[in-house]
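The next block holds one structure in the form of structure tokens; read it before the comments.
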């Protein structure tokens, strides 16, 4: 399945819910999100039907996101079903890790291949502050459980926030020395809630290479990956830099997103959405709707021109 610019679209990110058990300052409003009616979100039956169609069209990699995907009941059974679809090569998840200790084994047994964990600090008090009440011990136990059951390679996603965690960059990088994990530093993106976040908190990923000497750039075979990778000689893991603003990677974009309410987004940084839930309910030819959406996928985003979208990240799905 190719778009009009010749890019192979084979990666679908599905948001299972816009709810989360944390309230990260740059992601969600302090009081949480307005609860949707049950009828407003895609049922797992609808999600499965849409996923099946996407896979028939050429999607081979699926990532489940949120909000926090593990807060939605039924996720294990859903993974079990989609992992068995012919053509699916990988099912992954992005999680805050809080519930991972409880569900790691079930996720692995259901067919989940690997997991990315959001972690912006290694300091207990700082974690509690940025998440507005979360416990870092829950996350660390979740990471340990994921390793033990084989949800690997584990990727830790760290949003760089000036005045908050830039002094922790060396400590986070050091996690890659003796552990088979990738620590990926992501520039703060002006999306929804974070568009109003203090602009002085933005720092470029070049700060990582300034603070940590001795990292060597390594080849990344996945050209569609948004990360440029580095590592210490003989280190078990890698350090990734994701620069959506200072160095965008649109030319190799291979992904589309489906929100929990059934909105298809062909570009994370565009307000344009296609309502697949409505199309499904109206009996439209979903394959044709999706193919048309792919053919009108944006060539690139324009964050550098301060054209920011209005939805919060938890509503889009990472």
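Condition test on residue 137, is it surrounded by fewer than 18 Cβ atoms within 10 Å (Cβ to Cβ), without any contact (Cβ under 8 Å) to a residue 40 or more places away in the chain and farther than 27 Å from residue 36 by Cβ?
The answer is yes for residue 137.
Of all residues being surrounded by fewer than 20 Cβ atoms within 10 Å (Cβ to Cβ) and part of a loop (DSSP other than H, G, I, E, B) in the range 150-184, which is modelled with the highest pLDDT? Just the residue, please.
For the range 150-184, the residue satisfying everything is 150.
Yes or no: residue 117 assigned to a helix (DSSP H, G or I), touching a residue at least 12 places away in the same chain (Cβ under 8 Å) and crowded, with 17+ Cβ neighbours inside 10 Å? Quick ask: steps written out before the conclusion?
Numbers: assigned to a helix (DSSP H, G or I): no; touching a residue at least 12 places away in the same chain (Cβ under 8 Å): yes; crowded, with 17+ Cβ neighbours inside 10 Å: yes.
No.
Kindly state which strands (runs of 3 or more DSSP E) lie completely within the range 8-102 and contain at least 3 residues that are within 24 Å of residue 141 (Cβ to Cβ).
On the way: elements: 11-15, 61-65, 90-95.
Here the list reads 61-65, 90-95.
I'd like to check something: does the range 228-240 contain any residue that is in a loop (DSSP other than H, G, I, E, B), under 30 Å from residue 178 (Cβ atoms) and in contact with a strand residue (DSSP E or B) (Cβ under 7 Å, 6 or more places away or on another chain)? Full working, then the answer.
Step one: filter the range 228-240 for residues in a loop (DSSP other than H, G, I, E, B), giving 232-237.
Retained after the next criterion (residues that are under 30 Å from residue 178 (Cβ atoms)): 232-237.
Remaining after also requiring in contact with a strand residue (DSSP E or B) (Cβ under 7 Å, 6 or more places away or on another chain): 233, 237.
Within the range 228-240 (the criterion being in a loop (DSSP other than H, G, I, E, B), under 30 Å from residue 178 (Cβ atoms) and in contact with a strand residue (DSSP E or B) (Cβ under 7 Å, 6 or more places away or on another chain)), the answer is yes, since at least one residue qualifies.
Looking at the structure I just gave you, is residue 283 on the phi > 0 side of the Ramachandran plot and at pLDDT 95 or above?
Values: on the phi > 0 side of the Ramachandran plot: yes; at pLDDT 95 or above: no.
Answer is no for this residue.
Inspect all residues belonging to the range 186-207 and state whether any of them is at pLDDT 95 or above and either surrounded by 20 or more Cβ atoms within 10 Å (Cβ to Cβ) or touching a strand residue (DSSP E or B) at 6+ places or on another chain (Cβ under 6 Å) (or both).
The answer is no, given that none of the residues of the range 186-207 is at pLDDT 95 or above and either surrounded by 20 or more Cβ atoms within 10 Å (Cβ to Cβ) or touching a strand residue (DSSP E or B) at 6+ places or on another chain (Cβ under 6 Å) (or both).
Looking at 270, 260, which one is part of a loop (DSSP other than H, G, I, E, B), closer than 30 Å to residue 70 by Cα and without any contact (Cβ under 8 Å) to a residue 40 or more places away in the chain?
Numbers: 260 fails: without any contact (Cβ under 8 Å) to a residue 40 or more places away in the chain.
Answer to the selection: 270.
All but one of (1) outside any helix (DSSP H, G or I); (2) modelled with pLDDT of 95 or more hold for residue 108; state the number of the condition that does not hold.
So residue 108 meets the others, but not (1).
Please work out if residue 118 is in contact with a strand residue (DSSP E or B) (Cβ under 6 Å, 6 or more places away or on another chain) and either at pLDDT 95 or above or under 16 Å from residue 51 (Cβ atoms) (or both). Give the derivation first.
Working: in contact with a strand residue (DSSP E or B) (Cβ under 6 Å, 6 or more places away or on another chain): yes; either at pLDDT 95 or above or under 16 Å from residue 51 (Cβ atoms) (or both): yes.
Answer is yes for this residue.
Does the range 220-242 contain any residue that is at pLDDT below 90 and more than 25 Å from residue 4 (Cα to Cα)?
Taking every residue of the range 220-242 in turn, at least one turns out to be at pLDDT below 90 and more than 25 Å from residue 4 (Cα to Cα).
The values are calculated or read from the model by the stated rules, or taken from the named source; none is laboratory data. Keep in mind that what you see is a predicted model, and the values were worked out from it rather than measured. Because the Cβ atoms are built from the backbone with ideal geometry, glycine has one as well, and the counts that use them run over all protein chains shown.
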